[in-house]
1. At most 15 other C-beta atoms within 10 Å and a DSSP loop state: those are the exposed GluC sites (Glu not before Pro) I care about. Give me the longest piece of the chain that has none.
2. How high is the relative contact order of the chain? Use alpha-carbon pairs under 8 Å, at least six apart in sequence, and give a whole percent.
3. For n ≥ 4 DSSP H runs only, could you compute -39500 (n - 2.57) per run for the chain, divide by its residues and tell me the 222 nm figure to the nearest 500?
4. For Ile56 and Phe121 in the same chain, what is the full-extension length gain: residue separation times 0.36 nm, less their Cα-Cα distance, in nm?
5. Could you give the DSSP H helices of the chain that reach 30 angstrom or more along their long axis (alpha carbon positions) and whose average Kyte-Doolittle hydropathy is no lower than -1.0?
6. State the Cα centre-to-centre distance between segment 235-274 and segment 1-50 in whole Å.
7. Can you match Cα extents along the principal axes in Å to one of these, (i) 64, 53, 35; (ii) 56, 43, 41; (iii) 55, 47, 39, based on a calculation from the structure here?
8. What does the charge add up to near Ala44, with Lys and Arg as +1, Asp and Glu as -1, over the other residues with Cβ less than 13 Å from its Cβ?
Amino acid sequence: MNAFSEITYKSWLMIAVLAFVWGGTFMVTEIALTGMTPFWIAAARIGFAALVMTAIWGWRGFILFEAAPIGSEKLTLIAVGAFSGAIPFALLAWGQQHVTSGFAGVSMASTALIILPMAHFLVPGERMTWRRALGFVIGFCGVVVLIGGQAFETTGARLETAGRMACVAASACYAASSIMMRRLPQVDAIGLATVLLLIGACFSIPLAYVIEGMPEMPETGILLVLAFLGLVPTAAANFLRVLVVRSAGPVFMSLVNYQVPVWSVVLGALILSEPLPPALLYAMGLILAGVGVSQYGALRRLFGTRP
């Protein structure tokens, strides 16, 4: 593992692509929900993604670690796989039944705030400077402005507090998985992405069966939607996530959490003719300002002139 993160033009391009893909995933998931239950959607997309990535990994010779992993590294792999998919998916699926969609969106954005102090203590070279902290807080405020006051409205549900805790716990899972992924030794990115998906499938498929029973065979259109969810926002995006975390670091990767809500709103307006929030421009300004402040050093190195 490299001791320090290296943020390049490719790093910025990859998180931009991830934000766009994940921002549009909400619309596609809404379509899938018309013909399949939530836990089986999660299980199907992870299972399909695992099959595709296993085929690619096998074609490359099943390369993973440069040296045989020791026991602690195997346990870390299992933990990363569980915290990257099955556990947060389950927490969100349950929590969103008892909270507003706005709170769920804000809780996902909080991943960036959670990961900042964790990386400071656990990842070499990821110090929590005042500029980084200020930038992340500004970006988080931008997400809150974008979603609006309804994010903190109460639903009156009996289990609302527990639902909110579940959503925040899901964010903490994503943060912890990125930290652990970064701390793994030298590893093949495709192999790591595949193993994480296989572990996620081993968790999510039995969980879906226990909670929702055997699913009915969906229509062809829903199967195509599930295939898309597995191929693009799960398999391909998981591979990109591994590349970003391993090269640019978990703190930089967490910036995608501020961009996803923006793309979700913009794509909803362009494709579904949903109304744009009046505060969209203010929110985008805050999010961009937060990214700029938190990544000032990286941007200066990237665009600065050499002496």
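1. Details: sites that count: Glu6, Glu66, Glu153, Glu216, Glu219.
The answer is 220-307.
2. Numbers: 453 pairs, mean separation 123.1, N = 307.
Value for the chain: 40 percent.
3. Working: 14 runs with 220 residues, N = 307.
Estimated from H runs of four or more residues: -23500 deg cm²/dmol.
4. Numbers: separation 65, 0.36 × 65 = 23.40 nm, distance 3.54 nm.
Stretched out fully, the Ile56 to Phe121 stretch lengthens by 19.9 nm.
5. On the way: long enough: 9-32 (34 Å, 1.27); 38-59 (32 Å, 1.34); 101-122 (32 Å, 1.48); 160-183 (35 Å, 0.42); 189-212 (33 Å, 2.05).
Those that clear 30 Å and a mean of -1.0 are 9-32, 38-59, 101-122, 160-183, 189-212.
6. 7
7. Here Cα extents along the principal axes in Å agrees with entry (i).
8. Numbers: positive: Arg45; negative: Glu212, Glu216.
Summing Lys/Arg as +1 and Asp/Glu as -1 gives -1.
Every read-out reported here was derived from the displayed coordinates using simple, explicitly stated rules and does not represent laboratory data. Just so you know, these numbers come straight off a predicted model, no measurement behind them. Backbone-built Cβ (ideal geometry, glycine too); neighbour counts: all protein chains shown.
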